[in-house]
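Reading through the structure tokens given below for one structure.
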């Protein structure tokens, strides 16, 4: 019975989370223009409840990596990701953030997922605002399905903890 | 456009000007490394020159470079590029572009360097604008600017080994600072 209540409670919490994603825009390059376009009234990301950029990673649960990540920025990106509270989600906005794009050289990281896990990749150089909204809807589905990388990680950690407790009890 | 600057340089410094060229309205003077600082100081301070504005400083890596074949000449007629006259082609050309706002003329100073001797006098104390430009040239090409007040990397991180805009730097060689620890495993 208790399990049923907590599962349902988590479903309700995830329903709330998916419509109130607080994003942290890690904007490094020209994709930022398209990000502004998504945030501005014409495409209006507010319709999906993610209109509120927090410029502190500690207050946000959606990291939007907008633009090229260089090798020099790697430690900063990792640190920002680590500062975000669980559960958290990550979107790689544009090809540079997803794969490095047309930069195959000494300075560009071949995708932000070299450093942190990414939930949704948006292709495009830059992506159309509609693609970003589509990605956000995909992410909302994942949030509701408890399928985000940090949700899965929490679940896995919980199972490991339970197993180790069971081993101790034996 | 600034032919008179080249003429004045040749009249004043003679053999210190190894070669000059004019192309697309840009005048270039290849100068001797030992005389670079004197020439630059004169260009800045002389009233008829008055080069008060540093435009850029950069470097050209001439690895495997050959002059473009002139039309109608045989392919074997390509001369080796030997401005210093010691029988060896230089590996690098460091260049400084200058502009005079009052006289509206421009000049580019070049110094040719061999691969194993990349020291060159710094002009950062003559024009402060060359400070970061020379740091960038050092960062990307490894040119050693003698007398630069603060010569260290400007774009790349200190852990980076080598100079990436040199033509012999491997094109896709990355030097990562951080990678995911869970890239191999259960993710």
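Tabulated results
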read-out	value
In the stretch A:135-170, the residues that are closer than 15 Å to residue A:117 by Cβ, modelled with pLDDT of 90 or more and touching a strand residue (DSSP E or B) at 6+ places or on another chain (Cβ under 6 Å)	A:139
Any hit, the stretch A:159-169, residues being within 14 Å of another protein chain (Cβ to nearest Cβ) and in a helix (DSSP H, G or I)	yes
Set A:37, A:60: member being at pLDDT 90 or above, out of contact with any strand residue (DSSP E or B) (no Cβ under 9 Å at 6 or more places or on another chain), farther than 19 Å from residue B:176 by Cβ and surrounded by 15 or more Cβ atoms within 10 Å (Cβ to Cβ)	A:37
Subset of the stretch B:148-187 [within 14 Å of chain A (Cβ to nearest Cβ) and within 16 Å of the chain's Cα centre (by Cα)]	B:163, B:164, B:165, B:166, B:167
Single residue of the stretch A:63-84 satisfying the filter (more than 14 Å from every other protein chain (Cβ to nearest Cβ) and over 12 Å from the mean Cα position of the chain (by Cα)) that is surrounded by the most Cβ atoms within 10 Å (Cβ to Cβ)	A:67
Filter result for residue B:80 (at pLDDT below 90, over 19 Å from residue B:16 (Cα atoms) and either away from chain A (no Cβ under 11 Å) or part of a helix (DSSP H, G or I) (or both))	yes
Criterion: crowded, with 22+ Cβ neighbours inside 10 Å and in a loop (DSSP other than H, G, I, E, B) - qualifying residue of A:117, A:126, A:87	A:126
Residue B:145 vs. criteria over 28 Å from residue A:114 (Cβ atoms), touching a helix residue (DSSP H, G or I) at 6+ places or on another chain (Cβ under 8 Å) and more than 13 Å from chain A (Cβ to nearest Cβ)	yes
Residue A:35 vs. criteria out of contact with any helix residue (DSSP H, G or I) (no Cβ under 7 Å at 6 or more places or on another chain), assigned to a helix (DSSP H, G or I) and away from chain B (no Cβ under 14 Å)	yes
Index of the failed condition, residue A:55 passing every other in (1) more than 14 Å from chain B (Cβ to nearest Cβ); (2) touching a residue at least 24 places away in the same chain (Cβ under 8 Å); (3) within 24 Å of residue A:126 (Cα to Cα); (4) surrounded by 14 or more Cβ atoms within 10 Å (Cβ to Cβ)	(4)
Subset of the stretch A:101-134 (residues that are within 8 Å of chain B (Cβ to nearest Cβ), closer than 18 Å to residue A:62 by Cα and free of Cβ contacts under 8 Å to residues at least 40 places away in the same chain)	A:113, A:117
Inter-residue pairs, beta-carbon under 9 Å, first in contact (Cβ under 8 Å) with a residue 12 or more places away in the chain and in the stretch A:150-162, second surrounded by 12 or more Cβ atoms within 10 Å (Cβ to Cβ) and part of a helix (DSSP H, G or I), 6+ apart	A:151/A:14; A:151/A:142; A:151/A:143
Filter result for residue B:110 (within 14 Å of chain A (Cβ to nearest Cβ) and either farther than 25 Å from residue B:53 by Cα or at pLDDT 90 or above (or both))	no
Qualifying residue in the stretch A:93-100 (condition: within 12 Å of chain B (Cβ to nearest Cβ), touching a strand residue (DSSP E or B) at 6+ places or on another chain (Cβ under 8 Å), part of a helix (DSSP H, G or I) and crowded, with 17+ Cβ neighbours inside 10 Å)	no
Selection count, the stretch B:33-57, where residues are in contact (Cβ under 8 Å) with a residue 40 or more places away in the chain and farther than 19 Å from residue B:100 by Cα	1
Residue in the stretch A:136-155 that is over 25 Å from residue A:10 (Cα atoms) and assigned to a helix (DSSP H, G or I) present	no
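The values are calculated or read from the model by the stated rules, or taken from the named source; none is laboratory data. Not measured: the values here are computed from a predicted model. Reconstructed Cβ throughout: ideal geometry from the backbone, glycine too, with neighbour counts over all protein chains shown.
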